[in-house]
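Okay, structure first, notes after.
The values are calculated or read from the model by the stated rules, or taken from the named source; none is laboratory data. Keep in mind that what you see is a predicted model, and the values were worked out from it rather than measured. Here the Cβ positions follow ideal geometry from the backbone for every residue, glycine too, while neighbour counts run over all protein chains shown. Just so you know, the surface numbers come from the protein's heavy atoms only, side chains and all, with ligands and any DNA or RNA stripped out. Shrake-Rupley method; radii C 1.70, N 1.55, O 1.52, S 1.80 Å.
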Amino acid sequence: MKNVIVTGGAGFIGSNFIRYILNENKEIKVINVDKLTYAGNLENLKGLENNENYVFEKADICDKEKIEEIVKKYDIDTIINFAAESHVDRSIKDPTEFINTNIKGTQNLLAIAKNAWEIGEDTYKEGVRYIQVSTDEVYGSLEKDDPCFTEKTPLSPHSPYSASKASADMLVKAYYDTYKFPVCITRCSNNYGPYQFPEKFIPLIMNNCLKHKNIPVYGDGSNIRDWLFVEDHCEAIYKVTLNGRLGEVYNIGGHNERTNLQIVKKIIAYLHDNVDKEITEDLITFVKDRKGHDKRYGINPEKISKELGWSPKTKFEDGIVKTIEWYLNNQEWLDNVVSGEYENYYKKMYNQ
Ligand code: NAD
Ligand code: TYD
């Protein structure tokens, strides 16, 4: 791995990954390819502008000419595809961009990389690799007592978002099965940590608490997510990029299942005790449930643990405090990202 494209590097996980990999490996060059949608923010990469090993290229992963040009210009040998429309609620309102970016964009990257790296039939330049960053949501929903998702769990996506991610995964796998194109797929559970856009649950709770606004909890708050600190996800992706077996899927998760109500109460309790006595559970407001709301996600990470020696380093109790403190210390960042388009989005989604 020498010249790496990270797509979607101005988003939540992509920006954390770029910081992580530049710190971990001083021998590589990272080219951040991002379209800068509402979710992409170059402020997430502040401080890296003068890093010699980092370059930003504004581009849409669906743009054939531009991506071809970038792959050639930097002699790319590794592509890690984070770029996506990533919010389930937006996909329910309008799936169009999810099909474009998540499916067609992935296909565009695969076709360009195959063309650039192929040296004969089913053979490719030494050391080249394509990593698809996917999600546990492609497996669908678990009941309370079901065993966790393994890599063998059949795909059964329910939202337009997860259906688009599952389609992309199948295309990536098809490139391996058909052309022996060197790929790996990672499927991670819900991430939390710095730089997450406040349309997602945890930063939305933070933003609303700090502004003494009601916190919309869908349904009765009993839905379960399996939360992983973003840096642990970054380490797992790095390990898969270095040593993952080609054609394989790796589930990533930290055995950390919580109900939404547990999450919201935990954050309120911390803020109440440490920051502002006016932040109380009275802010919790139960609202109409999300359409097709998946009941529970839970990851079995045994494969990545056994094959690549990965396990999460951050306990939830520590990670959530780090996260809360980060948002408290970066309220300017939060205020900047919730101005403009976010306000219109919030009004549309929550009628407030
Ligand atoms: P995000 O929405 O915060 O960031 C997405 C980034 O992709 C943004 O910077 C955006 O500008 C960019 N982008 C969107 N469309 C693009 C296009 N057509 N061309 C180039 N760039 C484009 O998302 P995230 O939460 O950081 O998620 C990153 C990846 O990880 C996604 O593929 C997502 O499916 C996956 N994932 C996310 C989670 C999670 O909890 N957030 C969990 C598992 C997997
Ligand atoms: P989210 O952060 O959107 O991630 P995902 O849907 O991909 O898991 O939501 C996490 C959980 O929180 C999910 O069960 C939906 C719920 N939720 C709310 O109850 N209220 C909200 O305002 C949001 C955004 C999410």
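Averaged per residue, what accessible area in Å² does the stretch 268-344 show with a 1.4 Å probe, protein chains only? Don't skip to the end; give the middle numbers.
Working: 4390 Å² over 77 residues.
That works out to 57 Å² per residue.
Here the translational diffusion coefficient of the stretch 290-352 follows from Stokes-Einstein with Rh set to the Kirkwood radius across Cα pairs; for 25 °C and 0.890 mPa s it amounts to 155 µm²/s.
Compared with the dominant Cα axis of the chain, that is its longest principal axis, helix 341-350 is turned about 60°. Where a ≥ b ≥ c are the square roots of the eigenvalues of the C-alpha gyration tensor, would you call the chain rounded, which needs a/c under 1.5, or, failing that, prolate if a/b is larger than b/c, or oblate? Prolate, because a/c is 1.5 or more and a/b exceeds b/c.
Structural descriptor for the stretch 3-350: relative contact order 17 percent, calculated from alpha carbon pairs under 8 angstrom and at least 6 residues apart. Computed from the alpha carbon positions, the gyration tensor of the stretch 119-215 leads to an equivalent ellipsoid with semi-axes of 35, 19, 11 Å, biggest first. When both the stretch 69-91 and the stretch 312-352 are represented by their alpha-carbon centers, they are found 24 Å apart. On the stretch 3-350, 48 percent of the accessible area sits on carbon and sulfur atoms, based on a 1.4 Å probe. Annotation: per residue accessible area for the stretch 3-115 equals 42 Å², rounded to a whole number [probe 1.4 Å, protein chains only]. Distance between the 7 Å Cα→Cβ label points at Met170 and Lys58: 3.6 nm. When exposed loop sites are taken as GluC sites (Glu not before Pro) in a DSSP loop with at most 14 other Cβ atoms within 10 Å, the longest stretch of the chain clear of them is 144-277.
Given 0.36 nm per residue, what is the gain on full extension from Lys288 to His255 after removing their alpha carbon distance, in nm? Working shown, then result.
Numbers: separation 33, 0.36 × 33 = 11.88 nm, distance 2.85 nm.
So the extension gain works out to 9.0 nm.
Here the stretch 125-184 and the stretch 1-48 have alpha carbon centers that stand 22 Å from each other.
In this structure, Lys66 and Lys277 have a Cβ-Cβ separation that, at R0 = 41 Å, corresponds to a calculated FRET efficiency of about 0.20.
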